[in-house]
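Asks: I am attaching a structure below and will ask some questions about it afterwards.
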Amino acid sequence: MKEIILEKIRRIQQNEKMSVTAFAKKIGMDQVTVNNQFLGKRSLSLDTVINVVNAFPGVSAEWLLRDIGEMDEQSSIIKENERLKSMTGTISILTDTIQEKERTIAALQARIAELEKK
């Protein structure tokens, strides 16, 4: 799991087009420490993870730590909104279908009542 998180941190650094030195500075850590973590010479530290999350507020902590959603928090929100819109549309269609079926049932019940009177 640490390796996956480390790969994601490296991806953040690359997406930001930052050198390891600039990245380390941005997250408030020593460049040698960050570089050694990237090279596998040193284990990923909790401090590094916390500092990355704090330094890059647009990066989803859920994505980084739990692999849920997208790297960019804004993308996750947009996708969730699209999903909700789609669900709302589906609910609307189903509601219309149910109402139509209820009208059909009511009409058939009325017809049955008429036939029973005869």
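Read the figures in this text as sums done on the coordinates, not as results from a lab. Given the structure is predicted, the values throughout are model-derived calculations rather than measurements. Counting neighbours? That spans all protein chains shown, and the Cβs are built from the backbone with ideal geometry, glycine included.
Asks: Between Met18 and Leu84, what is the FRET efficiency for a Förster distance of 30 Å, r being their Cβ-Cβ separation, to the nearest 0.05?
Replies: For Met18 and Leu84, the calculated efficiency is 0.30.
Asks: Can you list the trypsin sites (Lys or Arg not before Pro) in the stretch 1-48 that are in a DSSP coil and have 16 or fewer other beta carbons within 10 angstrom?
Replies: Numbers: sites: Lys2, Lys8, Arg10, Arg11, Lys17, Lys25, Lys26, Lys41, Arg42; in loops: Lys17, Lys41, Arg42.
Sites meeting the loop and neighbour criteria: Lys17, Lys41, Arg42.
Asks: Show me, for the stretch 19-32, the HN-Hα J-couplings you get by feeding each phi into the Karplus relation (A = 6.51, B = -1.76, C = 1.60, θ = phi - 60°), rounded to Hz, glycine and proline as x.
Replies: Result, rounded to whole Hz: 5, 4, 4, 5, 5, 4, 5, 4, 8, x, 10, 6, 4, 5.
Asks: Roughly what would the spin-label model give for Leu108 and Ser92, points 7 Å off Cα along C-beta, in nm?
Replies: According to this spin-label approximation, the distance is 2.8 nm.
Asks: Quick one: angle between helix 2-15 and the longest Cα principal axis of the chain, in degrees between 0 and 90, rounded to 10, please.
Replies: 90 degrees
Asks: Which whole-number percent is the relative contact order of the stretch 38-104 (Cα, under 8 Å, 6+ apart)? All intermediate terms of the calculation are to be shown ahead of the outcome.
Replies: Details: 22 pairs, mean separation 9.7, N = 67.
Reported as a whole number, the value is 15 percent.
Asks: Specify which labelled value, from (1) 0.98; (2) 1.02; (3) 1.52, agrees with Rg/Rh (Cα atoms, Kirkwood Rh) derived from the coordinates of the model shown.
Replies: After the calculation, the listed value that fits is (3).
Asks: Which GluC sites (Glu not before Pro) in the stretch 1-69 pass both tests, a DSSP loop state and at most 15 other beta-carbon atoms within 10 Å? Kindly include the intermediate steps, with their values, before the conclusion.
Replies: Details: sites: Glu3, Glu7, Glu16, Glu62; in loops: Glu16.
Passing sites in the stretch 1-69 are Glu16.
Asks: Next up: Only four residue types carry charge here, +1 at the Cβ of Lys and Arg and -1 at the Cβ of Asp and Glu. Report the dipole size of the stretch 1-43 about the Cα centre in Debye, rounded to the nearest 20. Don't skip to the end; give the middle numbers.
Replies: Values: 9 positive and 4 negative charges, 6 e Å.
Once rounded to the nearest 20, the dipole reads 20 debye.
Asks: Here's a follow-up. Kindly provide the helix-only [θ] at 222 nm of the chain, computed as the sum of -39,500 (n - 2.57) over DSSP H runs of four or more divided by all residues, to the nearest 500 deg cm²/dmol?
Replies: On the way: 6 runs with 91 residues, N = 118.
Helices in the chain give a 222 nm mean residue ellipticity of -25500 deg cm²/dmol.
Asks: Which residues' amide hydrogens lie under 5 Å from the amide hydrogen of Val59, considering only partners 5 or more residues apart or on another chain, with H built in the peptide plane?
Replies: Hits under the 5 Å cutoff: Glu73.
Asks: Using a simple charge model, +1 on the beta-carbon of Lys and Arg, -1 on the beta-carbon of Asp and Glu, nothing else, what dipole does the chain show about its Cα centre, in debye to the nearest 20?
Replies: Values: 18 positive and 17 negative charges, 35 e Å.
So the magnitude is around 160 debye.
Asks: With everything on Cα atoms, drop me the angle between helix 73-117 and the longest principal axis of the chain, reported from 0 to 90° to the nearest 10.
Replies: Roughly 10 degrees between the two axes.
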